[in-house]
Structures are given as structure tokens and as C-alpha cells.
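Let me begin by presenting the structure, written as C-alpha cells, before commenting on it.
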Amino acid sequence: MDLHTSIDVDAPPERVWEVLLDVERWPEWTDSVTAVRSLDDGPLAVGSRVEVSQPRIPTGTYTVTVLDPTSTFVWEQRQPGSTVAAHHECAPLGDGGTRVGLRVVMSGAVGGVVGRFYRKRTEQYLAMEAGGLKRRAEGGDLTR
């Protein structure tokens with residue numbers, strides 16, 4: 001199961017990236033996340049572990065597997081028979097804005113079944129995250 005969305009943000013990539021990497025503050029700007037807790041000291045880095053709670057989805061621990069310090073990070077949650085990988089990317093636009101790409105890939109023997117079960121909710125959460133990130137990075141209404 002591979003789901004994705006993108007959104008153009010009227011803010012420079014540095015600002016969008018700053019908001020995106022401050023993962024413990026995500027609950028302030030998206031209803032798709034109720035709590036985020038870093039399990040390791042220091043800034044987000046490859047190997048960092050983060051506990052993420054979302055409405056109607058079991059809390060999971062994600063490990064950062066890819067981190068480009070200015071544009072991309074991927075974190076994964078692995079369980080027997082399944083892997084959920086969440087991709088977050090920022091690309092500059094010619095007008096000074098940023099295109100944000102968000103993608104969730106569910107794989108493994110159980111991952112496909114779980115992915116189909118959570119498909120609609122995952123699509124909703126991707127849209128909520130994209131919209132909330134846009135509002136926060138553009139400095140507009142910080143409410144959801």
C-alpha cells in the first residue's frame with residue numbers, strides 16, 4: 001500500500017523544514033497526531049526513535065532511517081510481518097515557496113492487509129498533516 005499527497009506552501013523551504021522537523025510540536029498544528037515523544041536525546045537524526053500517537057491508530061515507535069538535513073526524512077515502524085514507512089520531503093519552488101510531499105508505504109505480509117484496512121484514515125491523516133503544515137509554516141491561523 002503506497003499513499004501520498006503533496007501541497008505547495010507559500011514559505012521558504014527552510015521555514016517549512018523547521019516546522020516539519022519539530023516533530024514533538026506536530027499535535028499543535030495537525031489533528032492527525034495527538035502526541036509525539038522523542039525517545040532519544042538531541043535533534044532528529046538517523047537512528048532516532050520517536051513514539052507517535054494518532055487517533056484511532058495504535059501508538060507506534062518510529063525509527064528515522066533517512067535524513068537529509070535540509071529536505072527529506074523517513075521514519076519506519078517495524079512489527080512482525082509489516083513495516084510502515086512515512087516519507088517527508090520539501091522541495092523549493094521557483095517563486096520562493098516549497099512543495100511538500102508526504103507518503104506512507106505499508107509493506108510486508110501483514111502490512112498490505114493493514115494498509116487496506118487503514119487506507120481511508122491514512123489518506124485523511126495525510127491531508128490533515130499537509131494542510132496543518134501549510135498553515136503553520138505560512139504563519140497563518142495556528143488552529144486546526
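What follows is calculated from the coordinates using simple rules that are stated; it is not laboratory data. Values in this document were obtained by computation on a predicted structure and should not be read as measured data. Note that we place each Cβ from the backbone using ideal geometry, even for glycine, and neighbour counts take in every protein chain shown.
Data overview
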| quantity | calculated |
| --- | --- |
| Helix 111-138 vs. the chain, principal-axis angle (Cα, 0 to 90°, nearest 10) | 20 |
| Amide N proximity, the range 4-36 versus Ser53 label position 7 Å along Cα-to-Cβ, cut-off under 20 Å | 22-36 |
| Length gained when the stretch Arg25-Glu138 is fully extended (0.36 nm per residue, less Cα-Cα span) | 39.1 nm |
| Charge context of Val52, other residues only, Cβ under 15 angstrom, K/R +1, D/E -1 | -2 |
| 9 Å beta-carbon shell around Lys134, net charge (K/R +1, D/E -1) | -1 |
